[in-house]
Each structure stands twice: as structure tokens, then as C-alpha cells.
Amino acid sequence: ALHDFATLTKSRAFIAKDQFDDNPLQFDPWSPWKVTSNASDGGTIGRTPILMFSGSMEATKDFGRRFSDHLKAQGANFDYTETEFPHSVKPFLEKYGQNALAFLAKDD
């Protein structure tokens, strides 16, 4: 998920409480926003290929687009695709699974 702590506590409060004790400092090591910002500060973000897909639900598209903008601002090496699938794995894998496997198999 592409939550920051504010969106996590707003839409998935039970996860913030149960997994992170409602503590943003405990969440930070798991935050994609913090991890990519730290990678940018450390100079590795441009050398780390990222493949990202989002579904067609408004929330997933919104998170995906905002995170894509964040990655661009960090100078990341990434590919972003918005899919036509709402939030389901099987049709996604049937259509995009080969792309994901090819990405994982790249040796660069």
C-alpha cells in the first residue's frame, strides 16, 4: 500500500494501531514515502529500478499518481502503469504478470 501515516490512520486505523502502536516512528521504516526519500538522500534511488502498477479504483489511482509524482521528484528509475482492474490479483496477473516477471528477471 502507498499510505503515509496520515492516510493510514485515516483509512486503516486498525493497522496503524495493531501493527504500529499508533506511532509514526514505528511506521516510518515501512513507509514507501520515507524509504524512497531516504534512498534519494543516499543516492541510490536512480540506480534502483521500480515497477509500479495501480488499479482502477479512485483510491488506488490517487495513491499511485501521488506516489509516481513523488518518485519523479526523487529522481527514481521507475515504470508506472494504471491498470483497468479494480483491486484483484488474478486478472492483473493474467494480463501483466509476464511484464512483472520480465522486470524481476532483468540483470541490470
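The values are calculated or read from the model by the stated rules, or taken from the named source; none is laboratory data. This structure is a prediction, so every number in the text was calculated from the model and none was measured. Quick reminder, even Gly has a Cβ in these numbers, built from the backbone with ideal geometry, and neighbours come from all protein chains shown. Accessible surface areas use protein heavy atoms only, side chains included; no ligands, DNA or RNA. Shrake-Rupley method; radii C 1.70, N 1.55, O 1.52, S 1.80 Å.
Worth a mention:
- Only listed residue being over 14 Å from the mean Cα position of the chain (by Cα) and β-branched (Val, Ile, Thr), chosen from Thr81, Thr9: Thr9
- The set of residues in segment 56-82 being part of a loop (DSSP other than H, G, I, E, B) and closer than 25 Å to Ala39 by Cβ consists of Gly75, Ala76.
- Qualifying residue in segment 50-65 (condition: closer than 18 Å to Ser31 by Cα and open to solvent by 90 Å² or more (accessible area, probe 1.4 Å)): yes
- Screening Asp69, Asp79, Asp22 for residues that are on the phi > 0 side of the Ramachandran plot and free of Cβ contacts under 8 Å to residues at least 60 places away in the same chain leaves exactly one candidate, Asp22.
- Flag if Phe20 is surrounded by 16 or more Cβ atoms within 10 Å (Cβ to Cβ), of a type in the set (Phe, Trp, Tyr), at pLDDT 90 or above and closer than 24 Å to Lys106 by Cα: no
- Of all residues making up segment 17-52, the number that are closer than 16 Å to Ala1 by Cα, among the aliphatic types (A, V, I, L, M) and in contact with a strand residue (DSSP E or B) (Cβ under 9 Å, 6 or more places away or on another chain): 3
- Where a residue in segment 90-108 is without any contact (Cβ under 8 Å) to a residue 12 or more places away in the chain and farther than 12 Å from Leu51 by Cβ and its partner, wherever it lies, is open to solvent by 50 Å² or more (accessible area, probe 1.4 Å) and not in a helix (DSSP H, G or I), with Cβ under 9 Å and at least six apart: Pro91/Glu84
- A residue that is under 21 Å from Phe5 (Cα atoms), open to solvent by less than 50 Å² (accessible area, probe 1.4 Å) and out of contact with any strand residue (DSSP E or B) (no Cβ under 7 Å at 6 or more places or on another chain) can be found somewhere in segment 68-88.
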